[in-house]
Structure formats: C-alpha cells, structure tokens
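The values are calculated or read from the model by the stated rules, or taken from the named source; none is laboratory data. Given the structure is predicted, the values throughout are model-derived calculations rather than measurements. In this analysis, Cβ positions are derived from the backbone assuming ideal geometry, glycine residues included, and neighbour counts consider all displayed protein chains. What goes into the accessible areas is simple: the full protein's heavy atoms, side chains included, and nothing from ligands, DNA or RNA. Shrake-Rupley method; radii C 1.70, N 1.55, O 1.52, S 1.80 Å.
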Amino acid sequence: MPTPVQHSPRRTAMLAVLVFAGLARAPAALAGDAPVPAPLTPVCSQARFCDLKQFYEIRDFRIGGKYDLDTPAKWENGGEGGTTLESLGAAPLRTAYITLGTPRRNAAGEITNAVVVNAFYSGDATDMYAHWVEGSALTGGSLIGPDRPIDTNQYYVVLVDALGLWGTSKPSDGLGQKFPQYSYMDMVQANYRLLRDHLGVSHAALVTGVSMGATQSFVWGVMHPQFMNGLLPVGGTTQSDGADPVGNWTFQLMTAAIESDPQWRKTGGNYYNLPKSEHPNQGVAFGWSILNLTGFDFGFRSTQDWKKVEPDVFYWQPPNPNAGANIAARAQLFDAVDLIWRNRAGETYNINADLGRITARTMVMHIDNDQWLNAGLARKAAERIPGADLVTETSPVAHYGVFSILKHKEFDPKVVSFFDDVARLTRNQRYTVKTYTPASVDVAAVTPDKSFWDTFVRYPFPVKHATVKDGRGVAWDIAYMDEYAGSDPNPETLVIVHGKGAFGGHYGNVMKIALERGLRVIVPDLPHYGKSGPGNLGKSPARSLQDMREVVHNLVVGQLGVKQASYMGHSMGGQVVLGYALSWPDAVKSLVLEAPAGLEEYDRKITVAPGKELDLFNPAFAHNFDAWAKVWDQTGLREREKNLTAQQIDDFFHFRKRDPVTGAVTPSKSGYFLRDSWYARLHTDQRTGMIAGNPKELQQWVDVFIFDIYSMAAEMQKGDPNSLYNRLPQITAPIFLAFGDKEPFIPGTAFNGRTDLSREIILPFMRRMSAAGRKVEVKVYPESAHFVHTDDPVEFAEDAVDFATTGRVPQMSPVAVDIMINGGPGGMAPAAAPAAVATPQGLNK
C-alpha cells in the first residue's frame, strides 16, 4: 500500500538527500560489518525518525524457498531450497527495526511482552512510527504510547521493516533482478529471527499491522501460532493470487505499467549502471498512478477538485508542472525492481487452507469499501480463523482507512474485549508451557476399524492412564492429564471435570492459562467418556454421578496424592463437583462452576406426550441399564442421537435450524457455541468425526450421553430430603458461579417447567447459600451460552484461575462497564420458549 503521506517535489528531493546523507552511518549499526556505500534507495521513509532505526544481519538465510508448515525445523533459516544472498556475492540478509516501550523478561532473561508492528506495502518502521506512535492526521491520533491502546508502559513495541524495501535487504542494494524472489513467509521468518536471536523476544503479546502489515500478521499466525497471545490484522488479506481477482489484477497492472517504461524495455530491467535519472522512473510513476486510482473511494475521488487529483494522474508528457507531480516525486524514492519483486510476492500467495492453524486470540479489522483488498474476502478469512472477531467500518478514503479504524473503534466492545484479553494473557503469564499442543481431531482420516479416541483425537497435553475403582469396586481405565510448569514441590492444584458428552481435552485453553499462571492442573476423563472410553467398552453405561465422584477422588487424592485442590466443573461436571464437595469437604479448597447442573429439582415422572407419562427418574435405574433403556427408549432420544448427520450436528452446535425441505437456515434458541473458537471446533469435530468412527465407541458415547440425563436428575428429586439439591447449603468451600447470558439449557424447561435462569436458578441458589453463611460469587458473561470457556475463552479462564488462586473474581470487565452505561450487546437473554415435551432437551448438555 503506498503511503498516503505526500510531499511536494522539492520537499521530496530534500528528504531523499537527507536520508542518503543521514544513513551513510547506518551500516555501522549492523552486527560486525564495516560501513558500505550509501544505498541507491533510502533506508527510511520518514527522515526525522531515521535515527531511531536499527539494523541486524542474519547470515545464510535462504530466500525464496519452500515452507512446509508441518516441519518448522526445516525452515528455521529460511525456506527449503532457497538462495542465500552470500551465495550471490552480497552481504547477509539485513533487517531493520525501531523499538520503544517496556520490556518484561522471564527467568531466562527473554522478553515476553513484545508487540510486533509490521510494515505496510510501501512503508517502513518510521512510517508506522509517524502514524501510530506520533499520530498523524490520517490516523486521528496516537495509538502507541503510555496509556494508549498499545500501552508502552505494558508492552515492548517493535516496529519492523519488511524484506525487500527501505532498511532491509532489497534488489536495489546491488543484485537487481538477481535478487531472489522473496515471499511473505520470508518476510515473517526473517523478522522472527530478528526478534528471537537479536532482541531476545521469546513471546509476543500481539502481532499487528495495516495493509500488507496485516497480511504479514496473518502469516505470523499460521507460521508461529504459539508465539503470540493476540493477532490483529488491520486491512490485510489471506490471498492475493487468483482467489482475489481484483487485487491480483490491480497489482499486475502496476507491474505492467512499470515494465512499459521505455528505459525498462531498452535495458530489460538491468539499468543499475545508469544514473537514477535514466532509470525507469516514468514506469514507476505510472504504477503509482494505477494504485492511486483505486486506493481511495470512487465517491470521494469524484468530489475532489481536479487540481487535487491531477498530481496523481500519470502522463508520459505532463501538460503542466502540477500534472503527475506527486507520483513523479514518489518515483524518486522507489526502485522499479524493488516494487516488481514486492508485487510478485503476492501473485502466488494464499494461506486460506492454513488459517485453521491460528490459535491466538484474533480480531480482524477491515474497511467495508476497500477497493484493493475486498472486505468480503476478509469476512471469509475471519470465519476460517477459530474464534476470530471481525470489526469493520466504511471510510471515504477507502483502503487508507486502515490507519484510522483502530482509533475510531477504540471503545467498540469487541475491541475493548480484545485488548483486555491480550493484556490479561500477557500480564498474568508466569511460565512457558512447553508441553501444550492445541487439541485436534483428524476428521479426514477417521476409519471405523480403529479406536476413534486413541487414534484420531489429540489432546492438548500428554495423556496418562490409571486403573481406578469406584465405591462398588468396579475398576475403570481412566485417562487423565496431569501437568505443572513450575518448580514448587507442593503447588496449588486445579482439577477440571468435564460436562456430559464432553471430554477433558476440550478444556485445553483453561488448562494452558492455569499452567502459565503456576497451577498444577489435573483433568480426568470420566468413565466411558473421551479416552476413558475404549478401555471400558465392556462395562455397563449405568453408573451414578457418585460412582464418578469416587473415581475422581480415588485418582486425585488416592493415587496422585493431592490432598486439597480447587475443583472446576462444567455442566454435568458442575453437579459432580458440587456433590464431591459434600462427600469430601476437606479435599476442596474452592469450586468453580461453569453453567452447572445441580441447581434445580425434578419430578420423578415426566409427561413425554399427551396422555403419556414415563417413570424417567426411577432410582432403580442407577445400575440397571436394561431397565433404564426399556423406559427411556420410548422417548426416542438414543436412536435420534445415534442417527444425527454431520450437518445436523453442526447446525445444532452453532444455534442453527435447517428446513428439511427447502434447506433454509434460521437461528435457533438452542445450541452450544456462539463463538466458533478453537475448542468449539474441537468439540464439533469430535462429535461429527465419531459418525465415521468405531461403531462400538459411538454406541458407548450415545448410551452415556443420554443415560447421564437420568444420572443428573436422579440426584435432584423433589420431595427427597437427602437430595443433592437440598444438601447444597452444607457446602463450605467458596463458590464461583459462572453463566453465559445466552444460556440455552438451564433451567431444564422440558423436565420441570422452569424458564427463568436468574429468578428460578441463580438468585434462589445465592439466597439459600447466603442464609447458610456461604460465599458465592456470580458472574454472567455477555454474548456467551452454555460453553462459557469457548465463547469467552480468555476472560472466563482467567477468572477461573483468579478464583482458584485468590478466592476473588473481577466482577466488571471493561466491556460490561461500557454496556451498563452506554448499552449495547450483552444483558440477559429472553427466556427460551418451552421445548416440545416429546423431545426433552433441558439436560441435553
């Protein structure tokens, strides 16, 4: 993207002279190299900031090679098969950067709070300093500095040049067309080496940039997904090959314009033995004119006076001094081959298939009327990135609105939430978790002849197995994760118990944050769930929640020796840990309840159709699966669940209904995930993947998924003085109760007729616990449903760890404050209409 900062021809010439003169000293800053002649083209765009720029060389870096993202060790020093500059007789690859802010270091002395700001198409670090640090008219004010959105009191900011222009190695340094054709991945990997090897950055808080700087940000996310906490591409693209016809066409035209210059045609592009005045400068000016035509909104351009437009119009023979003046001046700052090489870097660029690799908290910002990089393509990119937010606006300056959108949207709830998440992730991280790998399901490889769980599902941490008995003496094969990243011999511990239908690996984001903050984390798969499934195929699905509690206790306390821990339970897991705290109060330091079951009562007999009542919650079913099935199969739930298609599952999980005749899709009041985050996708892939998987494991999963509706409600019977519900006030451990404001499953309307989460579930529970002198902290998360840990994957996880370590939870996030004062998204959702009695869904999770 050409910089919108424009100079008069006289000022431009003076700037170029100043830059050439001022940077004759620059090479002395290079590691271990003697001074070299001043470059043909400037090393800084903004001369007044050139003294801030520093340089670093990377020896034997391969340019133009192949990057196999599955084997990063092979491209540590550039792509496989690439060419080093030294092999062509040139100096090693040069990088350039500006730093400011406050570095924070870990015990090894490495910086862990860097913010990386990538340069745009025609810009460099000094340009981004002018726009985002100093603040320009185009930006609308400063974005980097003390108490700014990118706060230099919190972060160490590194503004980097991109390979191929300004202070980095580039064709115009001397190699001309012999310079290897670089790629965006070369740009990113070179700067990664700069950060890691020279500046000592082991982790970034945020990677961002505008235009091509945003494009590089996307590439950072797929190449180094664990390197950053946040990713903020502003007006970039994930494809500029034929998948973006307009963008590709535009820059092909620019290249063609340069190559139409008579000097280019005469010399074949080998003109470096000639003075600058005899270079293909007119072709360069022609190229800039093409970009300027579409860079601004056509409506805006149409309102401008011709005298303002004429300086951007190319003429082979200008009719007056004003005609083409701006682009002629720009041609003096740039080299033809430099620009063609930059254009060609995008001609084959497309990382759409790799966007699912991104694990960082991501917010994509874009200009709706961008005429270079289409907003529709940006929306599709955001959809491909797990959990990405999208923020857009329309700008009269079209693409150039990328400089100001962040300032304009500074207090947008999505933007506030994004920066708050990045800050919490960065501020609270004490340890690096080296054993973490984002959990995944190899859906494409699933076959029915192998164990689905053991073969095709990868958990976020190594899985161990133990044989653990319940109170009846039944021995279960229990899979679990047990991780700790610190050095304390007796660390505080968090035990996470999953919900119905879920599995321990689904809570990897909570685990990672807890481990980074110094907790030991233990996560078992309950009997018959997840990787505790294959080893228990021969056992009856009929086991009670108390049986499961005994398994958890005998594993955590009996075998792992953890005498006291904080216990987090989600959905059914919430009811499990509530009962656990009643059974073993001394083992529980605190409880974190995420959308928990266990806070409401049920009748034993349920009307499932007009005139048809079933004894669904008969206590005799607890360990008698055949008796249970004889009654429950009359509801059709097991058969329906087993026969769901992948499309039906995906629709339901994402709050969609699909008309079976027309295929029309409409919003649904029930579902799992409002945010399609990494661990939301994991659960979706798990459930859809099982369809083609081992049929015995699918049947096992379906059996317990439906049976555990019974398991939960059987403990909460009306009229039973010893029910779990009636004993809840006996719990002495502090409790953190978390719900999403769009909770779809609680209350269990189909089974007990309740409809109001606040007045029939949360407030009565708080009142009962308060009367007993118990401590309960409650937080409701805006725009979140039943899976708070996937809909709000950072704030909830941080809150859970805060409560486990301090007993307190920040009650008002910045977004919640703004919503309460100014309105906007959030607030309690209207009560869902009662579900049809023939298809009960109240406890479906």
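Taken as a whole, the structure leaves residue 33 outside the set of residues that are over 15 Å from residue 169 (Cα atoms) and either assigned to a loop (DSSP other than H, G, I, E, B) or at pLDDT 95 or above (or both).
Against the conditions (1) open to solvent by less than 50 Å² (accessible area, probe 1.4 Å); (2) under 22 Å from residue 280 (Cα atoms); (3) without any contact (Cβ under 8 Å) to a residue 24 or more places away in the chain, residue 342 satisfies every one except (3). Here residue 639 passes the criteria (1) out of contact with any strand residue (DSSP E or B) (no Cβ under 9 Å at 6 or more places or on another chain); (2) without any contact (Cβ under 8 Å) to a residue 12 or more places away in the chain; (3) over 29 Å from residue 742 (Cα atoms) except the one numbered (3).
I'm trying to understand the selection: among the residues of segment 655-690, which are surrounded by fewer than 17 Cβ atoms within 10 Å (Cβ to Cβ), in a loop (DSSP other than H, G, I, E, B) and in contact with an Asp or Glu (Cβ under 8 Å, 6 or more places away or on another chain)? Once the filter is applied, which keeps residues that are surrounded by fewer than 17 Cβ atoms within 10 Å (Cβ to Cβ), in a loop (DSSP other than H, G, I, E, B) and in contact with an Asp or Glu (Cβ under 8 Å, 6 or more places away or on another chain), segment 655-690 yields only 668. Given the criteria open to solvent by 20 Å² or more (accessible area, probe 1.4 Å) and part of a helix (DSSP H, G or I), does residue 427 qualify? Spelling it out, residue 427 is indeed open to solvent by 20 Å² or more (accessible area, probe 1.4 Å) and part of a helix (DSSP H, G or I).
Among the numbered conditions (1) modelled with pLDDT of 95 or more; (2) in a helix (DSSP H, G or I), the only one that residue 294 does not meet is (1).
Among residues of segment 434-452 being in contact with a strand residue (DSSP E or B) (Cβ under 8 Å, 6 or more places away or on another chain) and not acidic (Asp, Glu), the one that is farthest from residue 699 (Cα to Cα) is 435.
Evaluate the following for residue 113: is it open to solvent by less than 10 Å² (accessible area, probe 1.4 Å) and polar (S, T, N, Q)? Yes; evaluated as a whole, the condition is true for this residue. Of the residues making up segment 407-423, those that are open to solvent by 20 Å² or more (accessible area, probe 1.4 Å) and farther than 25 Å from residue 297 by Cα are 411, 413, 414, 416, 417, 419, 420.
Residues in segment 697-720 that are more than 15 Å from residue 576 (Cβ to Cβ) and in contact with a helix residue (DSSP H, G or I) (Cβ under 9 Å, 6 or more places away or on another chain): 697, 698, 699, 700, 701, 702, 703, 705, 706, 717, 718, 720. Taking the conditions (1) in a strand (DSSP E or B); (2) over 24 Å from the mean Cα position of the chain (by Cα); (3) of a type in the set (A, V, I, L, M) in turn, residue 526 satisfies each one other than (1). Scanning segment 356-384 for residues that are under 16 Å from the mean Cα position of the chain (by Cα) and either surrounded by fewer than 21 Cβ atoms within 10 Å (Cβ to Cβ) or of a type in the set (Ser, Thr, Tyr) (or both), we see that the one that is nearest to residue 65 (Cα to Cα) is 357. When residue 28 is tested against (1) in a loop (DSSP other than H, G, I, E, B); (2) on the phi < 0 side of the Ramachandran plot; (3) modelled with pLDDT under 95; (4) not β-branched (Val, Ile, Thr), exactly one condition is not met: (1). Every listed requirement among (1) open to solvent by less than 40 Å² (accessible area, probe 1.4 Å); (2) modelled with pLDDT under 95; (3) of a type outside the set (Phe, Trp, Tyr) is met by residue 434 save one, (1). Here is the figure for segment 530-558: residues that are touching a strand residue (DSSP E or B) at 6+ places or on another chain (Cβ under 6 Å) and in contact (Cβ under 8 Å) with a residue 60 or more places away in the chain total 7. Within segment 764-783, being under 30 Å from residue 418 (Cα atoms) and either in contact with a Ser or Thr (Cβ under 8 Å, 6 or more places away or on another chain) or part of a helix (DSSP H, G or I) (or both) holds for one residue alone: 776. The test for being open to solvent by less than 10 Å² (accessible area, probe 1.4 Å) and at pLDDT 95 or above holds for residue 804.
Being among the aliphatic types (A, V, I, L, M), out of contact with any Ser or Thr (no Cβ under 7 Å at 6 or more places or on another chain) and either surrounded by fewer than 21 Cβ atoms within 10 Å (Cβ to Cβ) or over 21 Å from residue 330 (Cβ atoms) (or both) is the requirement here; does residue 256 meet it? Yes: the conditions hold for residue 256. Just one of the listed residues (451, 404) is crowded, with 19+ Cβ neighbours inside 10 Å and either free of Cβ contacts under 8 Å to residues at least 24 places away in the same chain or not hydrophobic (A, V, I, L, M, F, W, C) (or both), namely 404.
Looking across segment 82-110 at every residue that is in a strand (DSSP E or B) and open to solvent by 30 Å² or more (accessible area, probe 1.4 Å), the one that is modelled with the lowest pLDDT is identified as 105. Within segment 138-147, identify whether any single residue is of a type outside the set (D, E, K, R), open to solvent by 20 Å² or more (accessible area, probe 1.4 Å) and within 18 Å of residue 228 (Cβ to Cβ), and answer yes or no. The answer is no, given that none of the residues of segment 138-147 is of a type outside the set (D, E, K, R), open to solvent by 20 Å² or more (accessible area, probe 1.4 Å) and within 18 Å of residue 228 (Cβ to Cβ). Residue count for segment 353-393 satisfying the condition of being among the polar types (S, T, N, Q), free of Cβ contacts under 8 Å to residues at least 40 places away in the same chain and farther than 23 Å from residue 419 by Cβ: 0. Among the numbered conditions (1) over 30 Å from residue 741 (Cα atoms); (2) open to solvent by 10 Å² or more (accessible area, probe 1.4 Å), the only one that residue 632 does not meet is (2). Whether any residue in segment 505-526 is more than 24 Å from residue 578 (Cβ to Cβ) and of a type in the set (A, V, I, L, M) is what I want to check. Yes, segment 505-526 contains at least one residue that is more than 24 Å from residue 578 (Cβ to Cβ) and of a type in the set (A, V, I, L, M). Select from segment 263-312 the residues that are crowded, with 18+ Cβ neighbours inside 10 Å, free of Cβ contacts under 8 Å to residues at least 60 places away in the same chain and among the hydrophobic types (A, V, I, L, M, F, W, C) and list them in ascending order. Correct list: 284, 285, 286, 290.
Screening the candidates 167, 221, 209 for the property of being crowded, with 23+ Cβ neighbours inside 10 Å, modelled with pLDDT of 95 or more and over 27 Å from the mean Cα position of the chain (by Cα) yields one hit, 167. Here the strands (runs of 3 or more DSSP E) wholly within segment 457-518 that include at least 1 residues being under 22 Å from residue 594 (Cα atoms) and among the polar types (S, T, N, Q) are 493-497. None of 328, 323 is open to solvent by less than 20 Å² (accessible area, probe 1.4 Å) and either assigned to a helix (DSSP H, G or I) or more than 30 Å from residue 180 (Cα to Cα) (or both) except 323.
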